[in-house]
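Read the structure below first, then the notes.
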Protein chains: 2
Amino acid sequence: MLKEKASIIPHECGDCPIRHRAVCARCESDELALLDQIKYYRSYESGQTLIWSGDPMDFVGSVVSGIATLTQTMEDGRTQMVGLLLPSDFVGRPGRSSAAYDVVAVTDMVMCCFRKKPFEEMMVRTPHIAQRLLEMTLDELDAAREWMLVLGRKTAREKIASLMAIIARRDATLNMNGTRGPLVFDLPLTREAMADYLGLTLETVSRQVSALKKDGVIELEGKRRVTVPDFNRLLEEAGDDSDGGMLI
Amino acid sequence: MLKEKASIIPHECGDCPIRHRAVCARCESDELALLDQIKYYRSYESGQTLIWSGDPMDFVGSVVSGIATLTQTMEDGRTQMVGLLLPSDFVGRPGRSSAAYDVVAVTDMVMCCFRKKPFEEMMVRTPHIAQRLLEMTLDELDAAREWMLVLGRKTAREKIASLMAIIARRDATLNMNGTRGPLVFDLPLTREAMADYLGLTLETVSRQVSALKKDGVIELEGKRRVTVPDFNRLLEEAGDDSDGGMLI
DNA sequence: CGCCAGATTGACGTCCTTCAACAATCGTGG
DNA sequence: CCACGATTGTTGAAGGACGTCAATCTGGCG
């Protein structure tokens, strides 16, 4: 892929693509104006580490475009992904001075950053920001707990199906696809990153992806483009209740 | 154990044992007075299910005393514990009408409950509550992510050691023990509950507990009382960096 | 005492990892 | 253009960690 330097990104908050989902979602226009004064954009290239675990964090921010991973590493090198950061997701923790996890870009990214101090001061004064951040944090906690079930109790095949279901579902909401007909999406993750997410080895991931393909649960174009002909079938394979398979 | 009916529990917020750690921790006395008007106490017996996943939730609240578990169950019966609720922990999610997990008492418990509607209204008007809830939720998210590493990447032996370390550490902070000398605590969980927490079978839990005992990492009095002669040794067995083993 | 839930221990099977070789894809440079 | 090296992915064989099934033990309580 040809990597052009990302041009300056002069977003007005008004037409920001994540305006209605990010931490600023509930802000009134006067509050937005205040945020505007302390915000700045940064772009990162695929593969770049935005933040190293343990390092001081002088900013927080929102993912505007692109995807990043949140990972934890043991001394002997074993790693576990503990979060997948998508557009509108929040990075960093107000009130904490150093980062708890590595944050790594898996695609080229743009972030909307706020210096931590001013942001924290603003949080105290504008409840709309704190309210939205609470809501988002509760959602993340639910997602983390759902993932605990996947990690603790599901088989390798079910883990792969679960991951596909999550990505498919998210892709459908982002792109406002209808709930009918086959779903098509690109895997944003390498086999190794999938393994780190699922608590497996990359070989097992590869084998189980091939198995799901052989059994017609998914179809592959190249290594990354996935088609799901029957979403409920995928949910069954994930061990999920397919009654709730309403997408969204 | 003889089960006496818990007597009525007429706490004044002022001398509530969780006053300084619960969701009300930052409230001023006038705010506390408001909370006082909408609060009520409930007690539960060991083994009782406080909340069934999917059921409507008309209250939220804080654990005053005792311990409960948060669990998720698949259709075929596999279960995964996704949280351990200790005194001062918050139960329920403002803004959500039905429960996402089963909540089960593992000891006799007392809860300080708030009807959901009034509590939600109060959250909007008193930022101190929302601030504290955000802080607590962020802590829970960190705990959940730490547990994802345990579930995804640690061996059975490391999982047991990790659980012991967490319980020992928490016990030390609750009881204000010094950081030196052997730690002694009671396991609040059965082998089966430990298995559900760790993503193992109860047989594997039993075997690994025995192995840690045989290797002198822990000592047992009966099935539940545990002594940890060397906490750093335990952290090593958990695969954790023992440099950070400062307790707390 | 005898029952029962919780816990331990053993034998055996299997799912996943480990180690290894190899294939596909892509970008780079001669 | 094609060779090449690097990266990513696939596939096979063998071993091990954990699960499953089952027998036995322990302690508490009627």
Give the residue that is farthest from the other protein chains (Cβ to nearest Cβ), with candidates limited to residues of segment B:146-171 that are of a type in the set (Gly, Ala, Ser) and open to solvent by less than 10 Å² (accessible area, probe 1.4 Å). B:Ala168
Anything in segment A:124-145 that is farther than 27 Å from B:Asp196 by Cα and open to solvent by 30 Å² or more (accessible area, probe 1.4 Å)? List them, or say none. A:Val124, A:Arg125, A:Pro127, A:His128, A:Gln131, A:Arg132, A:Glu135
Of all residues in segment B:97-108, count the ones that are in a loop (DSSP other than H, G, I, E, B) and either within 8 Å of chain A (Cβ to nearest Cβ) or crowded, with 20+ Cβ neighbours inside 10 Å (or both). 2
Checking B:Leu198 against (1) open to solvent by 60 Å² or more (accessible area, probe 1.4 Å); (2) among the hydrophobic types (A, V, I, L, M, F, W, C); (3) touching a helix residue (DSSP H, G or I) at 6+ places or on another chain (Cβ under 6 Å), the condition it does not meet: (1)
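State whether one or more residues within segment B:103-126 are within 21 Å of the chain's Cα centre (by Cα) and free of Cβ contacts under 8 Å to residues at least 60 places away in the same chain. Explain how you work it out, then say what you get.
Applying the first criterion (within 21 Å of the chain's Cα centre (by Cα)) to segment B:103-126 yields B:103-114.
Applying the additional criterion that residues be free of Cβ contacts under 8 Å to residues at least 60 places away in the same chain yields B:103-104.
Yes, the conditions are met somewhere in segment B:103-126.
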In the set A:Ala144, A:Ala156, the lone residue that is within 30 Å of B:Met123 (Cα to Cα) and of a type in the set (Gly, Ala, Ser) is A:Ala144
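Yes/no matrix, rows are residues, columns are (1) within 12 Å of DNA strand D (Cβ to nearest atom); (2) over 30 Å from B:Ile129 (Cβ atoms):
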site: A:His128; (1), (2): no, no
site: A:Met164; (1), (2): no, yes
site: A:Ile167; (1), (2): no, yes
site: A:Phe185; (1), (2): no, yes
site: A:Glu192; (1), (2): yes, yes
Mind checking whether some residue in segment A:144-154 is over 20 Å from A:Val209 (Cα atoms), in contact (Cβ under 8 Å) with a residue 60 or more places away in the chain and part of a helix (DSSP H, G or I)? yes
What about A:Leu198, is it within 13 Å of another protein chain (Cβ to nearest Cβ), modelled with pLDDT of 95 or more and within 16 Å of DNA strand C (Cβ to nearest atom)? yes
Regarding segment B:130-146, can at least one residue be identified that is within 15 Å of the chain's Cα centre (by Cα) and over 26 Å from A:Leu84 (Cβ atoms)? no
For residues that are more than 17 Å from A:Met148 (Cα to Cα), at pLDDT 95 or above and within 12 Å of DNA strand C (Cβ to nearest atom), tally how many sit in segment B:155-191. 3
Restricting to segment B:192-241, count the residues that are assigned to a helix (DSSP H, G or I), acidic (Asp, Glu) and in contact with a strand residue (DSSP E or B) (Cβ under 6 Å, 6 or more places away or on another chain). 1
(1) at pLDDT 95 or above; (2) farther than 20 Å from B:Met194 by Cα: which one isn't true of B:Tyr44, the others all being true? (1)
Tell me the residue from A:Asp36, A:Asp142, A:Asp108 that is touching a strand residue (DSSP E or B) at 6+ places or on another chain (Cβ under 9 Å) and of a type in the set (Asp, Glu), please. A:Asp108
Among the residues of segment B:204-222, is any within 14 Å of another protein chain (Cβ to nearest Cβ), at pLDDT 95 or above, within 16 Å of DNA strand D (Cβ to nearest atom) and surrounded by 13 or more Cβ atoms within 10 Å (Cβ to Cβ)? yes
Residues of segment A:119-145 being of a type outside the set (D, E, K, R) and facing chain B (nearest Cβ under 7 Å), in sequence order, are A:Pro127, A:Ala130, A:Gln131, A:Leu133, A:Leu134, A:Thr137, A:Leu138, A:Leu141, A:Ala144
Subset tally (residues that are open to solvent by 30 Å² or more (accessible area, probe 1.4 Å), more than 14 Å from every other protein chain (Cβ to nearest Cβ) and touching a helix residue (DSSP H, G or I) at 6+ places or on another chain (Cβ under 8 Å)) for segment B:43-93: 2
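The values are calculated or read from the model by the stated rules, or taken from the named source; none is laboratory data. Computed from a predicted model, the values in this text were never measured in an experiment. In this analysis, Cβ positions are derived from the backbone assuming ideal geometry, glycine residues included, and neighbour counts consider all displayed protein chains. With ligands, DNA and RNA removed, areas are computed over all heavy atoms of the protein, side chains included. Shrake-Rupley method; radii C 1.70, N 1.55, O 1.52, S 1.80 Å.
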